[in-house]
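What follows is a set of notes on a single structure, which appears directly below.
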Amino acid sequence: MTARRIGKARLEVIVTDITTLRVDAIVNAANSSLLGGGGVDGAIHDAAGPELLAECRTLNGCETGDAKITKGYRLPAKHVIHAIGPIWYGGDRGEDAHLASCYRRGIELCRSNNLASVAFPAISTGVYRFPADRAAKIAVKTVVDALPAAPGVTQVIFCCFSPQSGELHQEVLDSFGSPC
Ligand code: ADP
């Protein structure tokens, strides 16, 4: 996997468990209740401990396409950005725009909280069934487009859970910026 430079930021694809990453924020593919679920959401809550759920209970949920930030508690990551990806219904219900909005809001929350490093999972590509190739294009392009407005964000990790997902993201990333 080759990292790419976009302005001052280093973007890279990693295939690993996102709960192991020591970054300023990891992004959670949460559901609108913010009260936990399966997949990456379950793994993040398990690793962060019950304090995370306690803070999430105070947030009154979150709309699809939006995101809210909490502390990271027992995670190596300092914060968790809980983004609500769209459920895939075939593509005619604003799924692309909602997915893009998750990545944009993630970068915006990094900027407004002065966070420099962030890792995103492949939001909506698990239980929510968003096609993985289409999601990878939206993920990478949206982050690249959002970075100029967030110059303090200097490291972005696309944290994939399978080698196939990693390859899809790397292929898109290779079309932006320069190698580093
Ligand atoms: P969604 O409901 O948004 O589809 P899922 O958690 O079901 O959320 O899946 C989102 C993506 O996260 C999938 O690509 C899945 O393989 C991946 N994933 C699951 N567990 C982890 C983990 N511990 N670290 C990183 N990615 C994960």
| In nm, spacing of pseudo-spin labels at Arg5 and Lys78 (7 Å Cα→C-beta vector) | 2.4 nm
| note | For Lys71, the aspartates and glutamates lying under 15 Å Cα to Cα, once residues fewer than eight places off in the same chain are dropped, come out as Asp24, Asp41, Asp46, Glu51, Glu55
| field | Net length gained if the chain between Lys141 and Ala54 were fully extended (0.36 nm per residue, minus Cα distance) | value | 27.9 nm
| query | Where the centroid of each part is defined by its Cα atoms, how far is the range 11-35 from the range 95-128 in Å? | reply | 9 Å
| note | Highest GNM mean-square fluctuation among Thr125, Thr154, Thr58, for the chain with Cα springs under 10 Å, belongs to Thr58
| For Asn28, residues with placed amide H under 5 Å, excluding near neighbours | Ile81, His82, Ala83
| message | Run the reach check for Lys137 against lysines, Cα to Cα strictly under 26 Å, same-chain hits fewer than 8 apart removed. What comes back? | response | Lys8, Lys68
| task | Sum up the charges of everything whose Cβ sits under 12 Å from the Cβ of Leu173, counting Lys and Arg as +1 and Asp and Glu as -1, but leave Leu173 out. | result | +1
| task | With a/c under 1.5 counting as rounded, go ahead and sort the range 1-67 into rounded, prolate or oblate using the C-alpha gyration tensor (a ≥ b ≥ c being the square roots of the eigenvalues; past the cut-off, prolate if a/b is larger than b/c, else oblate). | result | prolate
| query | Counting only DSSP beta bridges with both residues in the range 4-179, what percent are antiparallel, rounded to the nearest 5? | reply | 35 percent
| remark: Helix-only [θ] at 222 nm, the chain, -39500 (n - 2.57) per DSSP H run of 4+, per residue, nearest 500, equals -11000 deg cm²/dmol
| remark: Relative contact order as a percentage, the range 4-179, C-alpha pairs under 8 Å and 6+ apart, gives 32 percent
| request: Report the charge-dipole magnitude of the range 4-179 in Debye, nearest 20, computed about the Cα centre from +1 at each Lys and Arg Cβ and -1 at each Asp and Glu Cβ. | output: 460 debye
| field | Rough spin-label spacing in nm, given labels placed 7 Å along Cα→Cβ, for Asp92 and Asp17 | value | 4.2 nm
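No value in this document is a laboratory result; all are computed from the given coordinates. Not measured: the values here are computed from a predicted model. With ideal geometry, Cβ positions are generated from the backbone for all residues, glycine too; neighbour counts draw on all protein chains shown.
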